[in-house]
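Data block below; observations after.
The values are calculated or read from the model by the stated rules, or taken from the named source; none is laboratory data. What you see is a predicted model, and the numbers here were worked out from it, not measured in a lab. Here the Cβ positions follow ideal geometry from the backbone for every residue, glycine too, while neighbour counts run over all protein chains shown.
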Amino acid sequence: MRRSTSGLVLLPLVLFGIVLFADERAGGQEESSLPEAVRPIGPIEKIAGGFAFVEGPAVADDGTLFFTDIPNQRIHCWTERDGVSVLQDPSGHANGLLWTADRGLLACRMDGEVVAIDPSDGRTTVLASTFDGKRFNAPNDLTRDADGGIYFTDPLYMAPEPLPQGRMSVYYLAPSGDVTRVVEDLPAPNGIVLSPDGRTLYVIPSRDPQVRAYEVEGPGKLGAERIHCRLTLSDKASPESGGDGGAVDEQGNLYVTTELGVQIVAPDGKLLGTIAFPEHPANVTFGGEEFRTLIVTARTGVYRVRTNARGYRAPTGR
């Protein structure tokens with residue numbers, strides 16, 4: 001048996017190659033403690049495993065799931081019918097991914113680039129690799145606005161020392177190819193996601209439990225920083241710990257991956273609860289029928305769980 005971090009017993013069942021962690025309290029969290037609108041409604045399923053460190057889940061329009069295995073430098077794809085296959089090897093230490101209909105699969109490469117990848121053959125086009133004449137540190141995660149511009153984080157993980165940019169920042173890559181620095185300095189900016197209305201940009205630092213929020217005043221133009229919420233830390237966590245990846249549902253609730261699980265935060269910053277997983281989650285997205293399945297990359301495995309919430313589908317550029 002496997003025991004979750006909250007002490008709940010999870011019973012692994014193998015069914016058609018998928019491991020189910022059956023628990024009537026849905027993923028290690030008392031169902032009654034989560035609002036009905038965001039509550040899991042089925043068991044957590046492990047759909048793929050045996051990796052080194054998985055990240056960057058992104059779902060294509062046809063339902064194909066893409067994700068990265070950073071240390072092994074691979075981008076994988078997964079379908080219900082065919083299971084796991086390799087799209088790109090080596091991947092330049094690809095981390096965060098984003099599906100777009102017009103540019104294919106966008107990826108943050110920790111080797112210093114933001115790229116577009118053709119999902120049919122893995123061919124790569126570099127979209128940005130420098131700012132102010134210097135390479136990026138190690139692009140980590142990205143999101144896209146309705147105008148086709150890309151916001152991405154650039155922390156320190158796997159970056160050369162000293163940091164090429166001399167700081168850890170957030171950038172905006174305009175459709176024209178121009179890059180601007182929109183957040184000057186943050187303690188390891190990691191996950192990044194826009195609210196459904198596109199008016200708020202959330203940035204999740206990995207060295208601070210306080211999630212930042214910025215009003216979007218225009219493409220690549222942000223207002224003053226504010227604290228959206230403070231994530232819950234475990235008793236063993238350093239005060240400088242934080243979150244990792246993020247996603248939003250149609251109601252504007254923010255889903256943040258942390259060592260405790262996926263923490264769900266309301267638009268007003270109130271913590272609604274946490275869904276625990278068998279492994280420490282790194283990133284999260286929505287997929288599946290009606291976009292109601294939470295998909296989580298967690299260390300060596302990829303997991304999913306059906307929820308009452310419907311994920312927000314960011315503009316794909318159709």
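Okay, here's what the table says:
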{"quantity": "Out of 107, 101, sole residue that is within 17 Å of the chain's Cα centre (by Cα) and aliphatic (A, V, I, L, M)", "calculated": "107"}
{"quantity": "Out of 197, 141, sole residue that is in contact (Cβ under 8 Å) with a residue 24 or more places away in the chain, acidic (Asp, Glu) and surrounded by fewer than 22 Cβ atoms within 10 Å (Cβ to Cβ)", "calculated": "197"}
{"quantity": "Single residue of the range 152-169 satisfying the filter (hydroxyl-bearing (Ser, Thr, Tyr) and within 14 Å of residue 109 (Cα to Cα)) that is surrounded by the most Cβ atoms within 10 Å (Cβ to Cβ)", "calculated": "153"}
{"quantity": "Hey, residue 51 outside any strand (DSSP E or B), of a type outside the set (A, V, I, L, M) and either buried (at least 20 other Cβ atoms within 10 Å of the Cβ) or modelled with pLDDT of 60 or more (or both) or not", "calculated": "yes"}
{"quantity": "Filtered residue count, the range 289-317, keeping only those that are under 17 Å from residue 100 (Cα atoms) and in the same structural domain as residue 194 (by TED's automatic domain parsing)", "calculated": "1"}
{"quantity": "Some residue of the range 87-103 being small (Gly, Ala, Ser), assigned by TED's automatic domain parsing to the domain that holds residue 156, under 20 Å from residue 305 (Cα atoms) and buried (at least 21 other Cβ atoms within 10 Å of the Cβ)", "calculated": "no"}
{"quantity": "Count of the range 76-98 residues which are more than 20 Å from the chain's Cα centre (by Cα) and at positive phi", "calculated": "1"}
{"quantity": "Residue count for the range 84-100, restricted to those that are of a type outside the set (Ser, Thr, Tyr), closer than 14 Å to residue 66 by Cβ and touching a residue at least 40 places away in the same chain (Cβ under 8 Å)", "calculated": "5"}
{"quantity": "Residues of the range 200-233 satisfying the condition of being part of a loop (DSSP other than H, G, I, E, B) and of a type outside the set (S, T, N, Q)", "calculated": "207, 208, 209, 219, 220, 231, 233"}
{"quantity": "Single match in 230, 199, 207 (criterion: closer than 20 Å to residue 144 by Cα and under 21 Å from the mean Cα position of the chain (by Cα))", "calculated": "199"}
{"quantity": "Subset of the range 53-69 [out of contact with any helix residue (DSSP H, G or I) (no Cβ under 9 Å at 6 or more places or on another chain), under 12 Å from residue 313 (Cβ atoms) and of a type in the set (A, V, I, L, M, F, W, C)]", "calculated": "58, 60"}
